[in-house]
Amino acid sequence: MGSRMAEKVRKSEEEWKKELSPQQYHVLREKGTEPAFTGELHKNKKEGTYKCAACGEDLFSSDTKFDSGSGWPSFYLPMSNDKIEEKTDRSLFMTRTEVLCAKCGGHLGHVFDDGPKLTGLRYCVNSASLKFEETEKKKE
Ligand code: FE
């Protein structure tokens, strides 16, 4: 069994700027944060997959989404550990753990250790970094 090297998506900032909306660019490439309760997905309860808005990689499943009351989509687990990268972020006089898409390096949000029981983690992710794909109901 051969282990497949995960392919990375590398694009110039110029290219990202063309492909992303100004808000997506600000969050994903400039590590911005959308204001709480303004994103499209924090209240989304549909069944499906949350993908990276930049490169399309599957990042989170609706099964692990919970209402944290923070105003941002919150998950207690990523789809798999190799989908995301974590980095220490010492901006704004705090030490936080930044979460990035492992495939394209896009900024997603932060992970905190005040999540629900199963993992104790709360991945706090900007709606602007995500693209939601609803699970298709199987038809007979
Ligand atoms: Fe990505």
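Using a cutoff of 8 angstrom between alpha carbon atoms and counting only pairs six or more residues apart, the relative contact order for the chain works out to 27 percent.
Where Lys and Arg each count +1 and Asp and Glu each count -1, what net charge lies around residue 110 among other residues with Cβ under 14 Å from its Cβ?
Values: positive: 31, 87, 90, 96, 122; negative: 34, 85, 86, 89, 98, 113, 114.
That works out to -2.
Measuring between alpha carbons in the structure, the pairs from 17/65; 8/31; 45/137; 17/131; 18/65; 31/117 lying more than 22 angstrom apart are 17/65; 18/65; 31/117. Shown here is the pair-distance distribution of region 73-140: with all Cα-Cα distances grouped in 5 Å bins from zero up to the longest one, the shares run 4, 15, 23, 25, 16, 8, 4, 3, 1, 1, 0, 0 percent.
Could you give the dipole magnitude of region 43-140 about its Cα centre, charging the beta-carbon of Lys and Arg +1 and that of Asp and Glu -1, in debye to the nearest 20?
Approximately 220 debye in magnitude.
May I ask you to work out the translational diffusion coefficient for the chain at 4 °C, viscosity 1.567 mPa s, via Stokes-Einstein with Rh from the Kirkwood sum over Cα pairs, reported in whole µm²/s? Once the numbers are plugged in, D ends up at 83 µm²/s.
The modelled label-to-label distance for the pair residue 89/residue 138, using points 7 Å beyond Cα in the direction of Cβ, is 3.9 nm.
Each value in this text was obtained by applying a stated rule to the coordinates, not by laboratory testing. None of the values given here were measured: they were computed from a predicted structure. When we count neighbours, we look across all protein chains shown, and the Cβ atoms used for this are built from the backbone with ideal geometry, even at glycine.
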